[in-house]
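Scroll down for the structure; my scribbles are underneath it.
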Amino acid sequence: MTIMKTPLKSLFRGLVRTRTVPTLIEPERPAPMPSPPPATPWGLLARRPLFDSRGALAGWDIELSAAARARATVTRVSAVRLSYGAALSAAATEVIADGRHALLAPPAELLVEAEFIASLPASSWLRLGPVELAALGTQAIPQIAAWRTRGLRVATPPGLVPGDLNLLDARGGAARLPATSGRGWVAINLGSLDALAASIASGCALCCGRFDAIPRPPRTARLADHAAGAARMLSALLAGGSARQLAEIAHTDVALSWRLLRLARSARFGRAAASLSAQQAIQLLGTRELYRWLSALMISARPDAPLAAGLQEQALARGRLLELLAARVGHAPPELLFIVGSFSLLEALLAVPLEVALVAVPLPAAANDALIAHEGPWWPYLAAALAVERNEAGGIEAACLALGITPETLADTAAEAARWAASAAAALPLTQAP
């Protein structure tokens with residue numbers, strides 16, 4: 001299987017200038033990427049990745065942020081509630097346009113607003129817990145039937161009002177799916193990677209939860225071959241190695257060399273790169289693209305790893321988010337922050353202790369402090385990514401205060417990083433054989 005399944009016109013293109021990271025011979029700067037579409041008001045929302053029965057990232061569980069939900073719940077002004085509904089509807093439209101599922105959790109006060117329901121795009125999913133169903137009362141069944149005629153679908157707890165999927169909320173005390181099969185279920189708020197993996201193994205249609213919580217220690221004590229080769233080359237790059245030195249490392253790993261040449265030939269250089277040597281390919285790609293590509297190669301998971309495809313995409317999204325934040329804040333090298341973000345899921349992806357990877361790829365002390373000790377000057381960047389994923393209002397506020405940005409900026413940047421990661425992950429295989 002090849003390392004890149006489609007041409008990568010701008011997949012690992014550098015966006016920011018290197019500050020303290022050594023540079024190779026840089027290529028001519030490519031044309032800037034087109035501006036993204038206007039940002040969805042993610043500052044009002046929280047979203048968590050939804051994994052499907054294959055372990056791929058299939059969509060997003062979307063709800064109002066804690067502050068927005070409190071405001072929407074207590075206000076008596078319909079226009080205020082509808083403004084929050086507009087944010088949910090816009091988010092659903094964006095997600096569905098990307099070919100993914102939007103699982104929405106509107107507060108009960110919004111469910112009775114006909115204008116909000118009318119604004120939702122077809123194929124939206126609504127998850128209704130006991131509180132929402134109680135608010136609908138005797139109108140729940142006819143309301144759901146009316147929503148279905150508009151193309152909407154619902155997930156409800158079993159034993160209450162029938163839905164298109166059964167809803168299991170692990171935070172509400174139900175810790176696992178029925179022993180028979182999870183088919184026809186969506187599980188939310190699962191507490192660990194193992195719980196998510198068990199849900200997927202049962203055939204659960206969709207699930208979300210703490211994919212970065214690993215209750216069991218990693219099983220192996222060495223990096224997989226593909227990761228070890230990338231680690232050697234990334235370590236040399238961090239140490240300021242020349243293009244010739246990096247090419248010599250590539251020559252000792254046939255598969256790595258083959259992937260490097262394929263990247264250079266398939267990205268944006270076309271036939272002009274058909275006869276490149278490894279050293280020429282390295283010079284042509286430049287430092288920025290090599291940092292991203294080698295980091296992405298290290299986190300390319302085994303196809304049998306739990307949630308392999310979904311976790312790989314999330315690792316890229318974390319890396320991209322930290323890179324963008326570093327570029328905006330200006331206190332850390334963006335390339336190194338990309339590594340910190342993507343490496344933060346290495347244990348889940350490769351089943352090795354994080355310390356093993358950090359021995360193979362020596363990073364600055366600030367990176368190690370952030371990844372291992374959760375402290376130091378680079379920790380607020382990673383803390384911001386974790387808080388966004390977990391919808392932790394206090395963590396978001398603390399990280400934004402440390403970075404000098406607003407929660408709205410963080411939310412919109414995270415959405416931008418997620419869009420980039422979706423494109424990047426589509427070009428990375430789960431197997432590493434040429």
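The values are calculated or read from the model by the stated rules, or taken from the named source; none is laboratory data. Source: prediction; values computed, not measured. We place every Cβ from the backbone using ideal geometry, glycine too, and count neighbours over all the protein chains shown. Side chains are part of the model used for accessible areas, which takes the heavy atoms of the whole protein and leaves out ligands, DNA and RNA. Shrake-Rupley method; radii C 1.70, N 1.55, O 1.52, S 1.80 Å.
Restricted to the range 256-314, and to residues there that are among the basic types (Lys, Arg) and within 25 Å of PHE343 (Cβ to Cβ), the residue that is modelled with the lowest pLDDT is ARG302. On the stretch given as the range 300-349, residues that are in contact with a strand residue (DSSP E or B) (Cβ under 8 Å, 6 or more places away or on another chain) and not in a helix (DSSP H, G or I) total 1.
All conditions in (1) open to solvent by less than 30 Å² (accessible area, probe 1.4 Å); (2) farther than 14 Å from LEU50 by Cβ; (3) at pLDDT 80 or above hold for VAL186, with the sole exception of (2). The residues of the range 199-231 that are open to solvent by 60 Å² or more (accessible area, probe 1.4 Å) and modelled with pLDDT of 85 or more, listed by number, are ALA201, ARG210. Scan the range 62-115 for residues that are more than 23 Å from ALA134 (Cβ to Cβ), hydrophobic (A, V, I, L, M, F, W, C), within 28 Å of the chain's Cα centre (by Cα) and open to solvent by 10 Å² or more (accessible area, probe 1.4 Å) and jot them down. Hits for the range 62-115 are ALA67, ALA86, ALA90, ILE96, ALA97.
Within the range 154-163, is even one residue over 21 Å from CYS207 (Cβ atoms), at pLDDT 90 or above and crowded, with 21+ Cβ neighbours inside 10 Å? No: zero hits.
How about the range 276-327: which of its residues are without any contact (Cβ under 8 Å) to a residue 40 or more places away in the chain and touching a His at 6+ places or on another chain (Cβ under 7 Å)? If the condition is that a residue be without any contact (Cβ under 8 Å) to a residue 40 or more places away in the chain and touching a His at 6+ places or on another chain (Cβ under 7 Å), then ALA278 is the only one that fits. Scanning the range 292-319 for residues that are open to solvent by 10 Å² or more (accessible area, probe 1.4 Å) and touching a Gly at 6+ places or on another chain (Cβ under 7 Å) gives PRO306, ALA309. Would you confirm, using the coordinates I've provided, whether LEU120 is more than 18 Å from ALA205 (Cα to Cα) and open to solvent by less than 40 Å² (accessible area, probe 1.4 Å)? So LEU120 fits the description; yes. Within the range 228-242, being over 16 Å from LEU358 (Cβ atoms) and not in a helix (DSSP H, G or I) holds for GLY240, GLY241, SER242. When ALA140 is tested against the conditions (1) aliphatic (A, V, I, L, M); (2) crowded, with 16+ Cβ neighbours inside 10 Å; (3) in contact (Cβ under 8 Å) with a residue 24 or more places away in the chain, the lone failure is (3).
Do we have ALA417 as among the small types (Gly, Ala, Ser) and open to solvent by 10 Å² or more (accessible area, probe 1.4 Å) here? The answer is no for ALA417. Restricting attention to the range 350-371, the residues being more than 25 Å from ALA411 (Cα to Cα), assigned to a helix (DSSP H, G or I) and aliphatic (A, V, I, L, M) number 8.
Residues in the range 351-385 that are more than 20 Å from the chain's Cα centre (by Cα), modelled with pLDDT of 90 or more, open to solvent by 40 Å² or more (accessible area, probe 1.4 Å) and among the hydrophobic types (A, V, I, L, M, F, W, C): ALA365, ILE372, ALA373.
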